[in-house]
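**Student:** After the structure tokens below, expect a handful of questions from me.
The values are calculated or read from the model by the stated rules, or taken from the named source; none is laboratory data. Note that the structure is predicted; figures quoted are calculated from it, not measured. No Cβ is skipped: glycine too gets one built from the backbone with ideal geometry, and neighbour counts run over all protein chains shown.
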Amino acid sequence: MAGGGGTRFWPLSRIHTPKQLLNLSGKDVMVNEAVARLCRITAPENIYIATNTAQSASMEKAVKGRIPPENILAEPAARNTAACIGYAAVELIKKRGDGVMVITPSDAYIRDDDAFEQVLRTAVKAAEETGKLVTIGIDPTFPATGYGYIRFKKSDGPVKEVLEFVEKPPLERAKEYLASGDHVWNSGMFVWKISAILEHYKTLLPDLYNNLAEFSEAVGTDKEQDALEKLYGRIEDISVDYGVMEKSYDILVVPGEFGWSDVGSWDMLGVLHDPEENGNVVVGDGVLVESKNNIVFAKDKTVALVGVSDLVVVETPDAVLVCPKDKAQDVKKAVDALKAMGREDLL
């Protein structure tokens with residue numbers, strides 16, 4: 001899934017180049033790192049990318065030579081993850097037949113590819129053998145309040161029965177989850193047979209399922225694009241977590257620890273880059289004097305900080321962002337303000 005706007009990484013992230021198309025690690029753009037991980041368990045021609053029409057040209061350029069261009073699915077509008085996954089499922093089952101479908105975000109950071117591969121292979125095997133919906137959980141390493149949790153039934157073996165999905169908790173509740181040993185973070189990664197998820201849509205999201213079934217008739221014909229536009233003009237906006245996973249039955253989870261982070265905002269850049277001795281994370285040309293625990297991303301110019309702490313400073317050719325680290329989640333408010341001002345040149 002690669003259709004998000006990544007507004008919390010403005011001013012580097014823009015409409016046509018959101019977070020998944022940025023090189024934040026210094027190695028490659030995030031979507032290509034995700035593709036490389038999946039190539040450990042399947043061939044490139046089996047990897048599909050669901051993005052949107054505004055980003056499809058940039059996406060095709062970014063993954064050129066890695067993913068066949070016909071494997072890029074462009075949504076004409078944002079309708080949340082249930083629509084995205086349903087669209088991809090219909091395309092796949094119509095063109096490739098039934099099989100195990102792995103859904104991962106394109107913009108998460110994973111440190112240990114070997115451990116991730118092992119967890120993913122376990123999840124695929126569970127989906128193949130049981131026909132159930134499987135999700136991947138992250139063993140919590142701190143009492144996070146920004147992630148959803150999954151509570152599972154304690155048992156032997158790597159695959160657990162899900163008891164409930166839990167919304168983002170307050171700190172004290174998150175501490176309880178961490179200590180319990182039966183909660184994992186919800187990673188937003190899913191593994192299931194295509195027929196299984198479509199059957200759940202039929203039961204739990206019947207309107208969405210009926211719209212997908214109608215669209216399916218046009219897949220592979222010259223009427224497909226028109227049918228897709230029609231589908232996204234009326235399809236409901238709902239997440240697969242809320243629409244299916246939280247209401248379903250017999251869900252399985254494979255817990256794992258492989259250095260996962262969603263790297264959701266600038267203050268998380270320390271996950272990708274080691275801080276220096278004063279706790280500063282500097283990407284690009286930065287000069288920091290008597291300054292501690294700052295995040296600096298310098299695209300073209302030298303950025304100098306003197307006597308400041310706990311700031312995020314991002315420099316790009318046409319914009320500069322400065323904010324406290326504890327307000328990094330609010331950068332999208334600047335994007336909203338620019339929209340209200342009609343500053344399309346900065347979006």
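**Student:** Among (1) closer than 24 Å to Glu217 by Cβ; (2) at pLDDT 95 or above; (3) out of contact with any Asp or Glu (no Cβ under 6 Å at 6 or more places or on another chain), there is one condition Ala77 misses while meeting the rest; what is its number?
**Tutor:** Failed condition: (2).
**Student:** Among Asp250, Asp267, which is the only one that is in a loop (DSSP other than H, G, I, E, B), acidic (Asp, Glu) and at pLDDT below 95?
**Tutor:** So the residue among Asp250, Asp267 that is in a loop (DSSP other than H, G, I, E, B), acidic (Asp, Glu) and at pLDDT below 95 is Asp250.
**Student:** Next question. Would you confirm whether or not region 88-104 contains a residue that is charged (D, E, K, R) and touching a strand residue (DSSP E or B) at 6+ places or on another chain (Cβ under 9 Å)?
**Tutor:** yes
**Student:** Name the single residue, out of those in region 270-313 being among the aliphatic types (A, V, I, L, M) and part of a loop (DSSP other than H, G, I, E, B), that is farthest from Asn23 (Cα to Cα).
**Tutor:** By that ranking, first place goes to Val308.
**Student:** Hey, Leu163 hits all of (1) at pLDDT 95 or above; (2) within 18 Å of Glu257 (Cα to Cα) but one; which does it fall short on?
**Tutor:** Evaluating Leu163 over (1) at pLDDT 95 or above; (2) within 18 Å of Glu257 (Cα to Cα) leaves (2) as the failure.
**Student:** Could you check region 1-40 and list, in sequence order, the residues that are surrounded by fewer than 18 Cβ atoms within 10 Å (Cβ to Cβ), touching a helix residue (DSSP H, G or I) at 6+ places or on another chain (Cβ under 6 Å) and among the charged types (D, E, K, R)?
**Tutor:** Arg37, Arg40
**Student:** Among the candidates Asp114, Asp107, Asp28, single out the residue that is of a type in the set (Asp, Glu) and at pLDDT 95 or above.
**Tutor:** Testing whether each residue is of a type in the set (Asp, Glu) and at pLDDT 95 or above leaves just Asp114.
**Student:** Name the one entry in Gly284, Gly256, Gly243 that is touching a residue at least 24 places away in the same chain (Cβ under 8 Å), small (Gly, Ala, Ser) and assigned by TED's automatic domain parsing to the domain that holds Val331.
**Tutor:** Gly284
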